[in-house]
Amino acid sequence: MKWKGRTTSGNVTDRRIGGSKTAIGGVGIAVLLIYTLITGDPSALLGNLFNGGSSNNDPLTAEEIEMGEFVSVVLADTEVVWKKVFAEYDKVYKPAKLVLYRDTTNSGCGTASSNIGPFYCSADQTIYIDLIFYKDLKTRFNAPGDFAMAYVIAHEVGHHIQYQLGILEEFYDMRTKVSTTEFNQLSVRLELQADYMAGVWAHHIQGMGYLEEGDLQEAINAAGAVGDDRIQEQTQGRVTPDNFTHGTSEQRVRWFKKGFAAGDLEDGDTFSATTLYYRNELLIA
């Protein structure tokens with residue numbers, strides 16, 4: 001993905017060192033560059049930026065700093081795309097916030113932990129990401145590439161879209177009205193819709209000229225890698241469809257591709273879809 005040197009989002013908060021809540025945007029990066037040119041040593045300024053001036057002995061590596069900037073660029077792209085898409089439906093898009101952290105942090109939905117992976121909290125309309133997940137994509141899930149991580153961010157922003165459209169509220173209202181199995185099926189449809197919205201975002205990113213060769217395949221590989229069936233096979237050696245909450249690899253790839261082809265919200269109603277796919281069999285949902 002062509003992302004270096006591009007506009008970053010002002011809605012990113014970095015807590016990776018000392019619980020800092022410093023937002024890193026284009027201005028901060030520019031100040032860092034100027035400071036480096038003058039002093040030749042950015043470490044002191046980085047300490048102030050990320051630690052609030054505190055003495056933290058575990059500074060961010062160059063790779064971690066770069067990944068933070070990458071995430072901020074991707075979030076900025078989602079803001080541009082969804083502002084445009086919402087305007088087409090006479091709606092106003094209010095951007096999501098995003099928090100970078102290490103290991104654990106507080107969220108509006110309770111404690112965020114790297115063990116549960118990236119997630120969206122509707123209580124504070126914020127995405128929480130420990131970037132160790134980027135390494136997990138490459139090693140554990142065999143889905144490398146920067147656009148694989150971009151897909152993950154776009155998927156979480158998809159949940160923010162669902163929040164703004166009132167879909168999340170309706171989903172949560174069903175928790176006490178249906179059985180666990182039925183609620184899991186609704187959860188699958190919710191997640192597949194977020195995959196569809198990630199595809200819509202990718203459609204517009206391609207139109208903006210930011211995709212490079214292989215990027216789309218990276219996203220498809222990531223969508224397939226985190227399917228319920230594949231994860232269950234890896235972790236428990238068998239597949240139990242009643243426990244699916246995100247959809248199979250085939251379903252996730254299919255709905256991402258569908259959003260990529262459409263580029264709008266018209267074909268993304270997974271809750272009204274009469275059929276879903278599991279492996280090569282067509283199942284009545």
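The values are calculated or read from the model by the stated rules, or taken from the named source; none is laboratory data. What you are looking at is a predicted structure, and each value in this text was computed from that prediction instead of being measured. Cβ atoms come from the backbone with ideal geometry, glycine included; neighbour counts cover every protein chain shown.
Limited to region 62-103, what total is found for residues that are within 24 Å of residue 117 (Cα to Cα) and of a type in the set (Ser, Thr, Tyr)?
The qualifying residues number 3.
In region 250-276, how many are within 17 Å of the chain's Cα centre (by Cα) and not charged (D, E, K, R)?
We begin by selecting, within region 250-276, every residue within 17 Å of the chain's Cα centre (by Cα); these are 252-253, 255-257, 259-260.
Of the ones still in play, those that are also not charged (D, E, K, R) are 253, 255-256, 259-260.
Residues in region 250-276 being within 17 Å of the chain's Cα centre (by Cα) and not charged (D, E, K, R): 5 in total.
Say whether the condition of being among the basic types (Lys, Arg) and more than 17 Å from the chain's Cα centre (by Cα) is met by at least one residue in region 123-138.
Quick first cut of region 123-138, residues among the basic types (Lys, Arg) only: 135, 138.
In the following step, the residues that additionally are more than 17 Å from the chain's Cα centre (by Cα) were identified as none.
There is no residue in region 123-138 that is among the basic types (Lys, Arg) and more than 17 Å from the chain's Cα centre (by Cα).
Checking residue 110 against (1) more than 17 Å from residue 13 (Cβ to Cβ); (2) touching a residue at least 12 places away in the same chain (Cβ under 8 Å), which test does it fail?
Condition not satisfied by residue 110: (2).
Has region 212-230 got at least one residue that is modelled with pLDDT of 95 or more and more than 22 Å from residue 137 (Cβ to Cβ)?
The answer is no; no qualifying residue exists.
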